[in-house]
Amino acid sequence: MDRLTFAGPKSRWRYLGLLPLALLIAGPKAFATVMSGVTSLIVAPFTGTIEFSSSRYEIFNVELLLVYVIVVLSLNIVFQNGMISLGHSAFFLVGAYTTALLTTRADWSFWLALLMGVVLSAALGFMLGAPAIRLGLFTLAMVSMGYALVAEDMVTEWRSITGGGDGLSGIQRPAPFGELETYYWLIAIFAILVFFFTRNWLRSSFGRAGKATADNEVAAGSIGIDVRVTKVRSFVVSAALAGLGGGLYAPLIGFISPAAFTVDLAVLFLLMVLLGGGGTVIGPVIGAVILFRIPLAVEDITGAAGNISLLVYGVVLVISVRLMPQGFMSAWWFIRDRWLAKYKVQTMIDELKVDESAAHFDTLLAAASLEGSELRAAGMRKQLGGVKAVDGIDIAVLPGQVHALIGPNGSGKTTTLNLLSGYMESDYGEFTLNGENVPARGYVRARYGLGRTFQTPLLFGSMSCVENVLVALDRKHSENPIATLLRLPTARRNEHEKYQRALDILAAVGITDPDTQASVLTPGRRRLLEIARLVASEPAVVLMDEPAAGLTSAEIEHLETMVRSLAAAGVGIILVEHHVDFVLAVADVVTVLDFGKVIAHGSPQEVRQDPVVMKAYLGAMPDTAEGQD
């Protein structure tokens, strides 16, 4: 089953996640002993000795590692949304300095100071993230690096408050966690809470929306996801958690200075995510442990870390990129899927109990209680450069009606669909859906019930088939965010209901392998999955752009059946298609375009016999010779 769907069949390996939890609960000495032992086993071939230590130094390293884990988990939320941030050390700094200043200079309690650090980090994340997420992937990475540089310079120059390069000292740990070994429990509790929070986030509707946005923003908008809000929300939450890590870091060290919050630290956080497997649940934790322990192992071997650690970092990363491009978790998935393929099939047979009543597409649509809407557009015009791509087109579709748009290549068909769906804004014209004016923004019109398929199916390639459908179901079935993130019984029940609904929809369109990754599907099955996602969004009007392109004869017949079923359920359909026989079989009304203008409109039979259409699109009628038999 998909790695980020907690409603699916349970894996026999799900209890492995309890091992780190058991190690945390065992206490600081046990954790420190295990970590030092692991490091000793790695360096044993070089030193010839193995040492299991629970000294204060090892306990301190364990606590520092847990703080880093909190920050890395926060960064993982951003990574899942398809963003790269090299500035999370800035939020880490804000949390640390806020906690330190308020406890040492303003006599605030640690708990209030920690909360204020989280709030200020979230506010800074919103201020910086809202404009920055409009940038491209690598531009965002460079801009976010600037956050870290500016933050470091500010605390260095603001000497009267921050102490400048001399730093701040005398930061006390809160009672009753004053000792190093007791402070471990506070950090461990927060690390556990943050782990489960991010785990639930990644596997919830928030996580699926973020992953869909990372895969394909246009497809995400077509089912009603506001891409900008999704990214900003994740960035703010991530910044708040990084601030929490900083707030715990300051009392642990007891002294902070700008030298502890350099860009190098931000890069290290990102490398931890990438090495373990960004967007996964446990991967970043693995990456944090590996990269945190490397300097300690190098120090044990050489007696000095320094630049040698950087060399080892480079070697580890090069090997991981070469052998495991998606991080250490990709290697685990390969081993699991290779060795456990038989069990995986058995799990699907035994646990994915698809409702047989949903095996027929029309039965599924009847159960969905779809409500059609009337779409009308008048006088649409769009000029692209010096070309009038759409020139004064009027179009309407009634509930349950199939309205086909045909014409030669370049006639303006796809541009018309883009104008109707809100991906392009018309230069002139009116658009109403069920009599209501709807803004020309794709996700807004999708939320009003306007569904869309694309000439080349736009799927969420890194997600499974069932997750592709779940993303659409998330948009139609709102849930309590608190219950979702805490995985309360109501949220778990709703998630299982959506999961079963997704399986029913997939079975109805003919997909019986719900855990298959969408990127490996054949063209025909990709089209089926796109239609399954469309049905899950419960549209009132559907825009279809050449749905029969690349399909076999049998697949076209299946598509024809589904289009008729959608119309019979009351959904209005605007169909752009070059497959003339398919159009004539399903269309109630046909509009023919040429050079951005309507040249014919009527029933399929009328349009087929129109001389202008025959000449412009279907082919000129042969001349009839006089006197010929």
Potential extension, residue 315-residue 22 segment - 0.36 nm per residue separation minus Cα distance: 102.3 nm
Cβ-Cβ FRET estimate between residue 196 and residue 126, R0 fixed at 22 Å, reported to 0.05: 0.35
Debye log10 I(q)/I(0) at q = 0.09, 0.11, 0.15 Å⁻¹ for the stretch 136-295, Cα point scatterers: -0.39, -0.58, -1.03
Cβ-defined net charge surrounding residue 404, 9 Å radius [Lys, Arg +1; Asp, Glu -1]: -2
Nearest-20 debye value, the chain charge dipole, Cβ charges on Lys, Arg, Asp, Glu: 1540 debye
Whole-number percent relative contact order across the chain, with pairs defined as alpha carbons under 8 Å at least 6 apart: 16 percent
Net charge, residue 380 excluded, C-beta distance under 9 Å - Lys, Arg +1, Asp, Glu -1: -2
For the stretch 46-136, radius of gyration divided by Kirkwood radius, i.e. Rg to Rh on alpha-carbons: 1.12
Of all accessible heavy-atom area on the chain, the percent that carbon and sulfur account for (1.4 Å): 60 percent
From the coordinates shown, semi-axes √(5λ) of the Cα gyration tensor in Å corresponds to which of (i) 40, 29, 25; (ii) 52, 32, 23; (iii) 56, 27, 21: (iii)
DSSP-defined antiparallel bridges as percent of all bridges, the chain, nearest 5: 60 percent
Cβ-based net charge around residue 585, under 14 Å, with every Lys or Arg adding one and every Asp or Glu removing one: -3
Computed label-point distance, nm, for sites residue 378 and residue 55 using a 7 Å Cα→Cβ extension: 8.4 nm
Pair residue 142, residue 109: separation of 7 Å Cα→Cβ label points (nm): 4.7 nm
Accessible area (Å², per residue) of the chain, counting only protein heavy atoms and a probe of 1.4 Å: 44 Å²
Considering only the stretch 485-613, percent of DSSP beta bridges that pair antiparallel, nearest 5: 50 percent
Residue-averaged [θ]222 nm for the chain, counting only DSSP H segments that reach four residues, each worth -39500 (n - 2.57): -18500 deg cm²/dmol
Extension gain from residue 157 to residue 568, taking 0.36 nm per residue of separation minus the Cα-Cα distance: 141.0 nm
Rg to Rh, two decimals, where the stretch 433-529 supplies the alpha carbon set and Rh follows Kirkwood: 1.02
Extension gain (nm, one decimal) between residue 482 and residue 119, 0.36 nm per residue minus Cα-Cα: 128.9 nm
Fraction of alpha-carbon pairs over 28 Å apart in the stretch 496-629 - percent: 32 percent
Mean-position separation - Cα centroids, the stretch 558-617 and the stretch 460-478, in angstrom: 30 Å
Lys, Arg +1 and Asp, Glu -1 on Cβ, resulting dipole of the stretch 427-477 about Cα centre, debye, nearest 20: 120 debye
In nm, spacing of pseudo-spin labels at residue 612 and residue 578 (7 Å Cα→C-beta vector): 2.4 nm
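The values are calculated or read from the model by the stated rules, or taken from the named source; none is laboratory data. Please read these numbers as outputs of a predicted model, since none were measured by experiment. Using ideal geometry, Cβ is built from the backbone for each residue, glycine included, and neighbour counts are taken over all protein chains shown. Surface accessibility is based on the protein's heavy atoms, side chains included, excluding ligands, DNA and RNA. Shrake-Rupley method; radii C 1.70, N 1.55, O 1.52, S 1.80 Å.
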